[in-house]
1. What percent does the relative contact order of the chain come to when contacts are Cα pairs within less than 8 Å and at least six residues apart?
2. Report the per residue volume, in Å³, of the convex hull enclosing the C-alpha atoms of the chain.
3. Between ARG40 and residues 5 or more places away or on another chain, which pairs have amide H atoms under 5 Å apart, with H built 1.01 Å from N, and which residues are they?
4. With the other protein chains left in place, how much accessible area per residue, in square angstrom, belongs to the chain at a 1.4 angstrom probe?
5. Out of the total accessible area of the chain (probe 1.4 Å, heavy atoms of protein only), what percent is carbon and sulfur?
6. Report the net charge of residues surrounding THR33, where surrounding means a beta-carbon distance below 12 angstrom and charges are Lys +1, Arg +1, Asp -1, Glu -1.
Amino acid sequence: MDDKNKMRELRERTGMNRKTFCGFFGIPYRTVTDWELDNRHAPKYVLRLLEYYIQHENFCKESDEYE
C-alpha cells in the first residue's frame, strides 16, 4: 500500500474526518492533506506510530472489521 492510501486508510479507520484527525493527533491539516493527495510523503515512522496508536488504543470505529 502506498503512503497516501495508508494515511487515508488510517484516518478512515478512526471514523474521523481530516480536520478532527489533525486536531486530535496534532498534525497540521495541510500536512495530512498533502500526504493524502500524494504531494508529499509521510515518514514511515509516522505511519507506523499512527497505526500502532490507532490499533492499540482501540481507536477503530469498528474494531472487528480490521482484525
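The values are calculated or read from the model by the stated rules, or taken from the named source; none is laboratory data. Worth saying up front: this structure is predicted, and the values here are computed from it rather than measured. Positions of Cβ are generated from backbone atoms using ideal geometry, with glycine treated the same way; all protein chains shown enter the neighbour counts. Protein only, heavy atoms only, side chains kept; ligands, DNA and RNA dropped before computing areas. Shrake-Rupley method; radii C 1.70, N 1.55, O 1.52, S 1.80 Å.
1. Rounded, it is 40 percent for the chain.
2. About 79 Å³ per residue, rounded to a whole number.
3. The list, which skips near neighbours in sequence, is TRP35.
4. 68 Å²
5. Details: 2140 of 4560 Å².
About 47 percent, which is the carbon plus sulfur part of the accessible surface.
6. With Lys, Arg at +1 and Asp, Glu at -1, the net is +4.
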